[in-house]
Each structure stands twice: as C-alpha cells, then as structure tokens.
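In what follows, a single structure is set out as structure tokens and then discussed.
The values are calculated or read from the model by the stated rules, or taken from the named source; none is laboratory data. Keep in mind the model is a prediction, meaning the values are calculated, not measured. Counting neighbours? That spans all protein chains shown, and the Cβs are built from the backbone with ideal geometry, glycine included. For accessibility, only protein heavy atoms count, side chains too; no ligands or nucleic acids. Shrake-Rupley method; radii C 1.70, N 1.55, O 1.52, S 1.80 Å.
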Amino acid sequence: MLSGKEVAQHNTRESCWIIVHGKVYDVTEFLDDHPGGSRIILKYAGKDATQEYDPIHPPDAITSNLPIEKHLGPVEPDTVEKVEVQITDEEKLRLERMEKRPLLSEILNLHDFESIAKLVMPDKAWAYYSSAADDEITIRENHAAYHRIWFRPRILRDVTKVDFSSTILGHKTSMPIYITATALGKLGHPDGELNLTRAAAKHGVIQMIPTLASCSFDELVDAAQPGQVQFLQLYVNKDREITKRIVQHAESRGIKGLFITVDAPQLGRREKDMRQKFEAEDPAEVSKSGSDGVDRTQGAARAISSFIDPGLNWGDLKWFKSITKMPLILKGVQCWEDALEAYDQGMAGVVLSNHGGRQLDFARSGVEVLAECVTHLKEKRGLKFPNEKFQLFVDGGVRRATDVIKAIALGATAVGIGRPFLYSYSAYGQEGVDQALQILRDEFEMNMRLLGAPTIKDVVPEMVDASNLNSHIVAVPSDSLFNTNYEVMQHAMLKTK
Ligand code: 173
C-alpha cells in the first residue's frame, strides 16, 4: 500500500499523483486532456482531491478515463494529510444563514424553497443551478407563459374524493409530474441525486436520471425501491460505442424510458455562472488564463460537455431503435414540425422543452409549444391527446400544481420539474424534496376540487382559456441588463446656485 508521504512527493507537472476516494492515480499524462484544464488538478498534486472531484464528476469518471496502469492502488488512510479547507468569511456567513433556515413546516410553496436556497447555497452552486442563457428571457417566459392561461372551472360535481394519480409511458405515478434530469447534483448537497431517488420512492413519482449526475448511474438505480420506476436522460456521445454501452446497460438495469436530449448540440452561455467563476478567480490567475488551453470563463458545465455530439441528427434514430427496446422520447422539441417528425419516426413521445431556458434564449415556453403540437398533430395525423402511443411532456417554469393542471388540460401526459427539487434538497436535504412533493400533492387536491375535476381524465381542454398563450405582447419579461445600461433620462431641474 502506498503511503501519503510517497504520494506527496509527486506534486509537479512532471509527476502528478492525486488521491480520490482513498485510491492513488498517476494523472501526469492526463493533465492536458482534462476537460476542466490542468491547473485545477495541479492544485491537488500529491494530495487528496476527493472534495473538489466529487460534485463535478460521476464517481467512475477517473477509473473509466485513466488507463489501468495509472491506477496505483490504495493509500494508507492514516498517512494522508487532510486537505485543509479554508473557511472564508463569506462561507462563515453562509453557514450562519443555514442555521437560520425556517422550519420546513413554514415553507408553503416551491418559490419558498428557491428563495431560501438562494440564501443558503454556496454561490457557485446557486450560480450554476439558477443560471440561464443570455439575457435570461426564456427562463422567465417559461413561468410567465402559465400566467396567460386561465381556468374555466365547473361546478356542482361531486369532488368528495379526488384522484390525481396517472400513468407515464404506462407506469403509475401519484400525480402527473416527474422529476426531470439536472446535472451536477452534488453541487447543492453531498448526497446529490440520491435525495431525489429516495423522495421519489416515498411519493410514488418517477425520477429521470441525468447522464451527468454527480452520483453514478448504478448508485441511483441501486438506491431505488423494488418496483420504483426510473427513466434515463441521454446525452449522445461522439463515440457511439460509449452511448451504446450506456443505453444497453440502462435497459439491463430496468430503466423504463430513454429521453434523448436534442436541444444541446452546444451548451448555452449562462453568464451568471460564467461571471461567478470569473470573479472567484484570483485576478493574477485570470490574466494568465488560457495558458493551459482551457477557456475558464465558460464554466464547469461547458468544460465537461465536450463529449456531446453536435452531429446528432434524425438519421440516428433508427440506430437507437436497433440497440434498445426502451421507449424513445426526444427531449427538447420546440415546434410542431419536429414533434410530427418524431411521431412519424416512431418515437414514444417528445418533451416540449427549452432546457429550462439554459440553451437558446427567446425559445418559446414548452406549454406554448404544447398547444400548437396538439392542434397540428390532430389536424395532420388525427391524434387525440393525451395519447397512449405518442405522449407529450412539458417542462420549464412549473412551480404550482395549477401550472401542471393547465398543461394536462392542454393535452400533456405529464410535466417535468427540475430546479425546484434541486433547491429543496440544497436547502433541506431529502426532507426538502419530500416536503416539495407533499406541497404539490396538497395543491393538486385542492385545485382539482375547485376546478370540478375528480380525476385527471376530467381535466379537459374546455377547462382552460389559453386564447392569449401565443401573445408575446403580454408579460414579456424586461431585459434588466439592457435597462440598467441605458441611463434613465433626467427632467429639467432647478438651478442650484
Ligand atoms: O443544463 C446544463 O447545465 C446541462 O445540461 C449540462 C450539460 C453538460 C454538462 C453539464 C451540464
């Protein structure tokens, strides 16, 4: 077994060893290939890098990327010097705020989780989770679009009992929502996506596991209860053999649906995330940035997304059908023409999504696209929605059961919710997600009753007025970056002398 002292001697660019999860790796030759640059590895040369490694990488990233001869074996734990984590003044203040979190019972809605998370999360994690593309117009529009749909409730129906359970791709769910895929779960909490797996089990909802989870895929599948349904979100690798392995492994582990992301041939520019990282660097370091060939201003997500294939196209779908029997769903469809093509190519459904506003700014909201898909697929292929054979999903901007009910009325099978659950566990761990799901259930029960819909089947198009949905004149969010740069004009003023 290696000793910590011996590892510590390999602390240069010429010989660089690091410790991750108690094992030693020789990363000297990998330094220049690290998607996040060599500098961050060199900071831990000869040391234990686990704490820095964990939130950004799946546990098997290092073992699957380094040739086996570079795996140097375990290190004697007692001989490794603890990496001193310096607690900055800012961090101290953050921990104090964490202590002052309101009780979970005082959290009344999903917005509450967001505002508490903003106060208690590390800045880097908040910046990464909350950021969106360019001027962040689409992320706001995603939520605002629901404000353009109004209810037409029915009265005098027996709503003593309301049942809002439903099915997604044939699998039971306690309500027509699912926990959608979001990357880098450990940035917000050490248990990462496991918080979601556990809460999903408790509340009978389906979790979509992300390709870029902080926990390993198998860890998340192993943590599921018997019979618990999970889906997989897939980023398609330029190396199709890797993708094939991921897909077939997922199928063998019982994953019930493959959601192929189609809206991210390149990762969007999330300036809040980029600016945060830029400011966090030592100014002297920044002036040298680029010396290791990595553009640090792009943030962690872009650095680790270089494997995604921008060449992915409609012609690839046949290949997916040849390698798996799982239902295939395209995630990130943004107009009816592409939804129609997906149907014609035998997909099991589409997610009308703009990736939480993180990709193309001024992409329309999923719920707006939903309405046009329903109209055109009915007209051109005679489809009725909700439809068992070709299911429509929506995500983005959902914060209330009323938002979900509006999408269901318009023809969606279910709605994906992402950020609110990240915020819930970043602030409160798994109990936060439990509470978020309980809040949604309470909201569902009341709103279904008030709408006069005892079951999900009773939530019909006639229950909503969406006549303004396409009107972008209403509630277009203001462009605050532009507004603050464009100086406010002054009135005539009195003489001062
Ligand atoms: O939205 C994202 O941040 C995302 O999907 C992603 C993609 C690649 C790497 C990390 C995150």
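Karplus-derived 3J(HN,Hα) values for segment 404-409, using 6.51 cos²θ - 1.76 cosθ + 1.60 with θ = phi - 60°, are 4, 4, 4, 5, 5, 4 Hz; glycine and proline are entered as x. By its C-alpha gyration tensor, with a ≥ b ≥ c as the square roots of the eigenvalues, how is segment 121-198 shaped: rounded for a/c under 1.5, else prolate for a/b larger than b/c, else oblate? Note, shape of segment 121-198 comes out oblate. When both segment 300-358 and segment 164-186 are represented by their alpha-carbon centers, they are found 18 Å apart. Between residue 313 and residue 119, the simple spin-label model (points 7 angstrom out along Cα→Cβ) gives 5.2 nm. Length gained on full extension, residue 321 to residue 65, computed as 0.36 nm times the residue gap minus the Cα-Cα distance: 89.4 nm. Here the contact order of the chain, divided by its residue count and restricted to Cα pairs under 8 Å and six or more residues apart, works out to 21 percent. The slack in the chain from residue 460 to residue 249, taken as 0.36 nm per residue of separation less the alpha-carbon distance, amounts to 72.1 nm.
If you take the Cα centroid of segment 5-65 and the Cα centroid of segment 443-497, the two points sit 48 Å apart. Would you mind classifying segment 131-256 by shape? Square roots of the alpha carbon gyration tensor eigenvalues, ordered a ≥ b ≥ c; an a/c under 1.5 is rounded, otherwise it is prolate if a/b is larger than b/c and oblate if not. Oblate shape, in that a/c is at least 1.5 and b/c is the bigger or equal ratio. Per residue, the chain reaches -10500 deg cm²/dmol at 222 nm when only DSSP H runs of four or more residues are counted, each adding -39500 (n - 2.57).
Rounded to the nearest 0.05, the FRET efficiency derived from the C-beta distance between residue 482 and residue 171 at R0 = 60 Å is 0.85. Shown is the FRET efficiency for residue 150 and residue 23, computed with R0 = 60 Å from the Cβ-Cβ distance and rounded to the nearest 0.05: 0.55.
The antiparallel fraction among DSSP beta bridges confined to the chain stands at about 35%. Karplus-based coupling profile of segment 144-152, in residue order and whole Hz: 4, 4, 5, 6, 9, 10, 10, 8, 10, with θ = phi - 60° in 6.51 cos²θ - 1.76 cosθ + 1.60 and x standing for Gly or Pro. By accessible area, using a 1.4 Å probe on protein heavy atoms only, the chain has 54% of its surface on carbon and sulfur. Amide H contacts of residue 234: 259, 260, 261, each under 5 Å away and 5 or more positions distant or on a separate chain (H built 1.01 Å from N in the peptide plane; Pro and chain starts excluded).
Summarising the amide proton neighbourhood of residue 24: residues at separation of 5 or more, or on other chains, whose placed amide H is nearer than 5 Å comprise 72, 73, 75. A simple spin-label model places the labels of residue 202 and residue 161 2.7 nm from each other, with each point 7 Å out along Cα-to-Cβ.
Between residue 240 and residue 108, residue separation times 0.36 nm minus the direct Cα-Cα distance comes to 43.0 nm. Computed from backbone phi with θ = phi - 60° and the Karplus coefficients 6.51, -1.76 and 1.60, the 3J(HN,Hα) list for segment 490-497 is 9, 7, 4, 10, 5, 4, 8, 10 Hz; x is used for glycine and proline. Amide H contacts of residue 66 (H built 1.01 Å from N, in plane; Pro and chain starts excluded): no residue 5 or more places away or on another chain comes under 5 Å.
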